[in-house]
Amino acid sequence: MKTRKIGELTVSEVGMGCMAFSHGYGKIPNEGYSIEAIRNAYGHGCTFFDTAEIYSPGLSGTGHNERIVGKALHDVREHVVLATKLFLERPQIRNGDSVYYAVRQHLEASMERLQTDMVDLYYLHRMGGVPIEEVAEAMGLLMEDGLIRGWGLSQVDVDVIDRAQQITPLTAIQNIYSMVERDMEAEVIPYCLEHHIGVVPFSPIASGLLSGKITTKTKFERYDDVRNWVPQLSRANIVGNQPIIDLLKEFADKKHATSAQISLAWMLHKYSNVVPIPGSKNKGRIIENLDASEVELTEEEFQSLEERLNQCRVYGHRGFSR
Ligand SMILES: NC(=O)c1ccc[n+]([C@@H]2O[C@H](COP(=O)([O-])OP(=O)(O)OC[C@H]3O[C@@H](n4cnc5c(N)ncnc54)[C@H](OP(=O)(O)O)[C@@H]3O)[C@@H](O)[C@H]2O)c1
C-alpha cells in the first residue's frame with residue numbers, strides 16, 4: 001500500500017481504527033476474530049493502527065482494545081506504527097506530582113497492554129482541564145526518554161494546537177472529519193499543512209453513513225452503539241443527506257469502487273497530510289476500506305465531486321466545536 005508521512009512517522013496511506021473491537025458499534029466480535037482481522041489488515045499492507053486506553057466494552061474499565069491490538073501485532077511490532085491515547089483530568093494529578101509523572105503512568109500501562117517498550121504516536125484524547133502547555137512539555141520529555149516517537153491531540157481547535165506546537169512540535173491531529181463533517185478545513189488543516197503536522201480523521205465514513213449501507217430502516221444495537229446518538233444518523237438527517245449518498249454512489253459506479261472508498265479517496269486526493277483511520281469490525285469491509293488507497297480520482301473527477309458536494313446541504317453535525 002502507498003505510504004504517507006505524518007510528522008516524522010511513515011504510515012500506510014489508510015490506517016485502521018480498532019475501537020469497534022471493544023466499544024462503540026454494538027456487540028463486539030470474539031477476541032480471536034478481532035486479532036485475525038487486525039493481522040489480515042497488516043497482511044494487506046496496513047501499517048498504522050489506532051487504539052486508546054479507554055476503548056473497553058461500555059467504556060467501563062481500561063485497555064480491552066489495547067490488549068487485542070498488542071496481541072495481534074506483537075510479532076510484527078517493528079514494522080507497524082502504534083497510536084494510542086490517554087485521558088488526563090486535573091483531579092488525577094495528586095498534589096506535588098508533575099504532569100510528566102501522571103502522563104508517564106498512563107503511558108507505561110498502555111505499553112504493557114500493547115506489549116511494547118515504545119509507543120509511536122501518543123495522543124491526549126480530550127482536553128481535561130490540564131494546561132496544554134504542561135501536557136506538551138511532558139510529551140517532549142517522554143520523547144527524550146525514548147518512550148514515544150511523536151505526539152498528538154484529538155478534537156481540538158487551532159488555538160490549542162498552536163499553543164501546544166510552541167512547546168513541543170506535534171506529529172498529528174486526530175479530529176472528526178468526513179465529507180459531512182468539514183470543520184477542520186477552515187483553520188486546522190491549513191495550519192497542519194503549514195507546520196508539517198499530520199491529520200488523522202476519525203469517523204471518516206461518518207459512522208457508516210457514507211457507505212450508503214445505512215437507511216431509515218437500519219436498526220442500531222441497543223448496547224454501546226454510538227449510532228443511536230450520532231446526529232447525522234437520525235431518520236430525518238439520513239433522508240436529508242440522501243443527495244450526498246447518491247452522489248457517492250454515482251462516482252462509485254463510474255470508478256468501479258464502493259461509496260465508502262470514494263469518500264476516503266476524496267480526502268486522500270484533497271490533502272497530502274491526511275491519513276484516515278476508518279473503523280470496522282468486519283474483515284471484508286476492513287480490506288475494502290484499505291483498498292481506497294488504490295482508488296485514484298483524477299483532478300477533474302475530484303473537482304466535479306467537490307463542486308457538487310459543496311452544493312449539498314449537510315444535515316446533522318458533531319464537529320469539534322459543538
Ligand atoms: N479521537 C477520538 O475521539 C475518536 C472518536 C471516535 C473514533 N476514533 C477512532 O477512529 C476510528 C474510526 O472511527 P469510526 O469507527 O467512528 O469510523 P467510521 O469508519 O466512519 O465508522 C464506523 C462504522 O461504519 C461502518 N463501516 C465502516 N466501513 C464501512 C464500509 N466500507 N461499508 C459499510 N459500513 C462501513 C462500520 O460498520 P461495520 O463494523 O459493520 O463494518 C461502523 O458501524 C475508531 O476505530 C477509533 O480508532 C477516535
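In segment 82-169, counting only helices (runs of 4 or more DSSP H) that sit wholly within it, the ones holding 3 or more residues that are in contact (Cβ under 8 Å) with a residue 40 or more places away in the chain span 99-114, 132-144. Set side by side, the residues 286, 214 differ, and just one is of a type in the set (Val, Ile, Thr), closer than 30 Å to residue 57 by Cβ and in a helix (DSSP H, G or I), which is 286. Looking only at segment 41-50, decide whether some residue is among the aliphatic types (A, V, I, L, M), within 21 Å of residue 148 (Cα to Cα) and in contact with a helix residue (DSSP H, G or I) (Cβ under 9 Å, 6 or more places away or on another chain). Looking through segment 41-50, none of the residues is among the aliphatic types (A, V, I, L, M), within 21 Å of residue 148 (Cα to Cα) and in contact with a helix residue (DSSP H, G or I) (Cβ under 9 Å, 6 or more places away or on another chain).
Residue 277 falls short on exactly one of the conditions (1) surrounded by fewer than 19 Cβ atoms within 10 Å (Cβ to Cβ); (2) part of a loop (DSSP other than H, G, I, E, B); (3) aliphatic (A, V, I, L, M), and that condition is (1). If you go through segment 189-205, how many residues are free of Cβ contacts under 8 Å to residues at least 40 places away in the same chain and assigned to a helix (DSSP H, G or I)? So the count comes out to 3.
Between 225, 246, the distinction of being more than 10 Å from the ligand (Cβ to nearest atom) and charged (D, E, K, R) belongs to 246 only.
Rundown of residues vs (1) part of a helix (DSSP H, G or I); (2) touching a strand residue (DSSP E or B) at 6+ places or on another chain (Cβ under 9 Å); (3) buried (at least 20 other Cβ atoms within 10 Å of the Cβ), yes/no style:
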{"position": "23", "(1), (2), (3)": "no, no, yes"}
{"position": "28", "(1), (2), (3)": "no, no, yes"}
{"position": "36", "(1), (2), (3)": "yes, no, no"}
{"position": "41", "(1), (2), (3)": "yes, yes, yes"}
{"position": "52", "(1), (2), (3)": "no, yes, yes"}
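Restricting 7, 15, 61 to residues that are more than 9 Å from the ligand (Cβ to nearest atom) and either modelled with pLDDT of 95 or more or closer than 22 Å to residue 112 by Cα (or both) narrows the list to 61.
Results for (1) out of contact with any helix residue (DSSP H, G or I) (no Cβ under 8 Å at 6 or more places or on another chain); (2) charged (D, E, K, R); (3) away from the ligand (no atom under 14 Å from the Cβ), shown as yes or no for each residue.
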| site | (1), (2), (3) |
| --- | --- |
| 186 | yes, no, yes |
| 208 | no, no, no |
| 214 | no, no, no |
| 217 | yes, yes, yes |
| 233 | no, no, no |
| 240 | yes, no, yes |
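Residue 77 passes every criterion in (1) under 18 Å from residue 37 (Cα atoms); (2) more than 15 Å from the ligand (Cβ to nearest atom); (3) buried (at least 18 other Cβ atoms within 10 Å of the Cβ) apart from (3).
Scanning segment 260-275 for residues that are more than 8 Å from the ligand (Cβ to nearest atom) and not small (Gly, Ala, Ser) gives 262, 264, 266, 267, 268, 269, 270, 271, 273, 274, 275. Quick one: would you say residue 296 is more than 29 Å from residue 57 (Cα to Cα), part of a loop (DSSP other than H, G, I, E, B) and among the charged types (D, E, K, R)? In short, yes.
One residue stands out in segment 171-226 among those that are among the polar types (S, T, N, Q) and more than 15 Å from the chain's Cα centre (by Cα): the one that is farthest from residue 310 (Cα to Cα), namely 218. Taking residue 202 as the residue in question, decide whether it is among the aromatic types (Phe, Trp, Tyr), buried (at least 16 other Cβ atoms within 10 Å of the Cβ) and within 12 Å of the ligand (Cβ to nearest atom). Yes: the conditions hold for residue 202.
Determine, yes or no, whether residue 229 is surrounded by 14 or more Cβ atoms within 10 Å (Cβ to Cβ), of a type in the set (Phe, Trp, Tyr) and either closer than 26 Å to residue 84 by Cβ or in contact (Cβ under 8 Å) with a residue 60 or more places away in the chain (or both). No; evaluated as a whole, the condition is false for this residue. Just one of the listed residues (163, 126) is within 23 Å of residue 177 (Cβ to Cβ), in contact with a helix residue (DSSP H, G or I) (Cβ under 8 Å, 6 or more places away or on another chain) and basic (Lys, Arg), namely 163. If the condition is being near the ligand (Cβ under 10 Å from one of its atoms) and under 24 Å from residue 183 (Cα atoms), then segment 282-317 contributes 289, 292.
The values are calculated or read from the model by the stated rules, or taken from the named source; none is laboratory data. In this text, all values refer to a predicted model and were calculated from it rather than measured experimentally. Quick reminder, even Gly has a Cβ in these numbers, built from the backbone with ideal geometry, and neighbours come from all protein chains shown.
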